[in-house]
1. When the residues of the stretch 226-279 are filtered to those that are acidic (D, E) and surrounded by fewer than 22 Cβ atoms within 10 Å (Cβ to Cβ), which remaining residue is farthest from S45 (Cα to Cα)?
2. Looking at (1) more than 16 Å from A83 (Cβ to Cβ); (2) at pLDDT 95 or above; (3) outside any helix (DSSP H, G or I), find the lone condition where K206 falls short.
3. Within the stretch 410-421, can you find the residues that are crowded, with 17+ Cβ neighbours inside 10 Å and either among the hydroxyl-bearing types (S, T, Y) or free of Cβ contacts under 8 Å to residues at least 40 places away in the same chain (or both)?
4. Name the residues in the stretch 148-161 that are open to solvent by less than 30 Å² (accessible area, probe 1.4 Å) and either part of a helix (DSSP H, G or I) or among the aromatic types (F, W, Y) (or both), would you?
5. Look at S342 and say whether it is open to solvent by less than 30 Å² (accessible area, probe 1.4 Å) and in a strand (DSSP E or B).
6. Identify the residue in the stretch 53-69 that is surrounded by 23 or more Cβ atoms within 10 Å (Cβ to Cβ) and aliphatic (A, V, I, L, M) and, among all such residues, is nearest to R299 (Cα to Cα).
7. Just the residues that are touching a Phe, Trp or Tyr at 6+ places or on another chain (Cβ under 6 Å) and of a type outside the set (G, A, S), please, taken from the stretch 418-438.
8. So, L393, is that one farther than 21 Å from I265 by Cβ, open to solvent by 70 Å² or more (accessible area, probe 1.4 Å) and either in contact (Cβ under 8 Å) with a residue 40 or more places away in the chain or aliphatic (A, V, I, L, M) (or both) or not?
Amino acid sequence: SLSEEVNERTSANPFHNFDFGNMESHQQPGMNDILQCIDKAATDSRIKGIYIDASDVTTGMAQTEEIRNALLKFKKSGKFIYAYADAYSQNAYYLSSAATKVYVNPQGLVELHGLMTQLMFFKGTFEKLEIEPVLIRHGKFKSAGETFVLDKMSDENREQVAYFVNDIWNNIVSQIAASRGISNAEVENIADSLKVRTAYDAFKNKLVDRVAYFDEFITDINTVAGISSSKMETITASKYKDVAPEIKNKFTTDRIAVIYAEGEITGGEGDEKTIGAAKTADAIRKARFDNNVKAIVLRVNSPGGSALASEVIWREALLAGNSKPLIVSMSDLAASGGYYISCGAKKIFAQKNTITGSIGVFGLLLNAQNLLKNKLGITVDGYKTGLFTDLGLPTKPVTVAEQLIIQQSVDSIYQVFTQRVSDGRKINIATVDSLGQGRVWAGSSALKNNLVDTIGGLLDAISFAAKSAHLDNYRLKELPEQKEAFAELLSGLSGEASIWYEAKELGEQATYLRSMKKALRSQGVQMRLDYDINWKN
């Protein structure tokens, strides 16, 4: 089951995904444990097959692709995969199409309708509030901040969005077609004409193998598993993750460090939802100085963030890569600052559906003087010792001289960014600039443009790291180290409660509240993806 948010790493926080409404925990294994579970189940004689509960799938497109690929590899063991849902969202069906057999409730349906994007623009809101946003950027495709200064997509943004969305959709179509034994054109036709509107339409069009109720599904899956019972004998991934896999030499001291970098990149320590530069750099440093660690895999799922924080992490990754193999595994996102911290790796793995690139820089200043004066009756006065002492404060207009200073800073950081990519990827600076300019790429196009090296997931990256370090036997060391459960309980309670309350009160609109909060708390020049990616299932 993938009905709860899937992080890159299983959380030690007992309040992660805690429902404060009914006081229930919905702890979901992270990608690390989900992938390991599927891998070890292939050779576990006690496991006859996999049942996908496809009632709800919350993973992003690249995460779904990575789990799907792991399932396809599992099928090579000769074991079965059965999927069931009363109704399949498009993402749930994309995952389930990898199954040996797909079942749907007679009164259910299968959604297959294509992808779309929808951006919300706040120019009119700022005008009503009399807030003046000043966007300073480098890169014609760097659309981060456009939502505050425009009322629709720029031509450049529309071009890049169309390109990467079509890339991802074409990949989904081809993978569904291959698994279901139908042509790409047939899948496209089903989606374009909304041809599948009932469960029986899905059966006629070969999207599912059987229309059946859940009790009938249980009978079938027990038969193929050789189980004489009226209920399924199952073990959940959250429990199976604690079953130790077979280790050839469990006493080996050799380690591969897997360092998780998930969330927005910020200064300081960060938390479960952000990549703190100090904490992540320290984890990389520990792995570099640990003689038992023979190779490092940096797992990145980030839209970017602070330019300075990204540089701090990049430096530690560079030093680590100079002393031992450092491999990057990209998940849903490794864009802007997320790409910055990745570009110096020995090898970069990504999914075809990964969103990456966005090599660009921007800064956003807000003048709220008229909001304070005209709406709230507040005026601001004071004294300063220098011309630029109050640079960046939202209580005054942004001067031409101040804009010039910020622009010079943005341009300088962009030049450093492109040089980092040029050095790390062995691409000349002019080519990097042509691929950059803030442009976002799907992993399939990033591969063609040499921004990544190969299509593959976390386990592929770990396997390559082992080969690079000439390791046959090794164990994994996951970093940064997580707090003990009791410490996590104390630190996580208030944050999880706040997230739960926002979601309960605002529903889907909570996303926009969080986006506004991010914009308001961002300090300094930013390397950040142009949007918050929320795949609606």
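1. So the first thing to find is which residues in the stretch 226-279 are acidic (D, E), and the list is 233, 242, 246, 254, 262, 264, 269, 271-272.
Still in the running and surrounded by fewer than 22 Cβ atoms within 10 Å (Cβ to Cβ): 233, 242, 246, 254, 269, 271-272.
Working: E233: 14, D242: 17, E246: 12, D254: 28, E269: 43, D271: 39, E272: 36 Å.
Applying the filter and picking the extreme gives E269.
2. (1)
3. To start, the set of residues in the stretch 410-421 that are crowded, with 17+ Cβ neighbours inside 10 Å comprises 410, 413-414, 417-418, 420-421.
Once the filter is applied, which keeps residues that are crowded, with 17+ Cβ neighbours inside 10 Å and either among the hydroxyl-bearing types (S, T, Y) or free of Cβ contacts under 8 Å to residues at least 40 places away in the same chain (or both), the stretch 410-421 yields Y414, T418.
4. Of everything in the stretch 148-161, those that are open to solvent by less than 30 Å² (accessible area, probe 1.4 Å) and either part of a helix (DSSP H, G or I) or among the aromatic types (F, W, Y) (or both) turn out to be F148, N157, Q160, V161.
5. Here the answer is no, as S342 does not meet what is asked.
6. A62
7. Of the stretch 418-438, the ones touching a Phe, Trp or Tyr at 6+ places or on another chain (Cβ under 6 Å) are 437-438.
Of everything in the stretch 418-438, just one residue is touching a Phe, Trp or Tyr at 6+ places or on another chain (Cβ under 6 Å) and of a type outside the set (G, A, S), namely Q437.
8. On the way: farther than 21 Å from I265 by Cβ: yes; open to solvent by 70 Å² or more (accessible area, probe 1.4 Å): yes; either in contact (Cβ under 8 Å) with a residue 40 or more places away in the chain or aliphatic (A, V, I, L, M) (or both): yes.
Yes: the conditions hold for L393.
The values are calculated or read from the model by the stated rules, or taken from the named source; none is laboratory data. Everything numeric here is computed off the predicted structure, so don't read it as measured data. FYI the Cβ positions are ideal-geometry reconstructions off the backbone, even for glycines, and counts take in every protein chain you see. All accessible areas refer to the heavy atoms of the entire protein, side chains included, with ligands and DNA or RNA removed. Shrake-Rupley method; radii C 1.70, N 1.55, O 1.52, S 1.80 Å.
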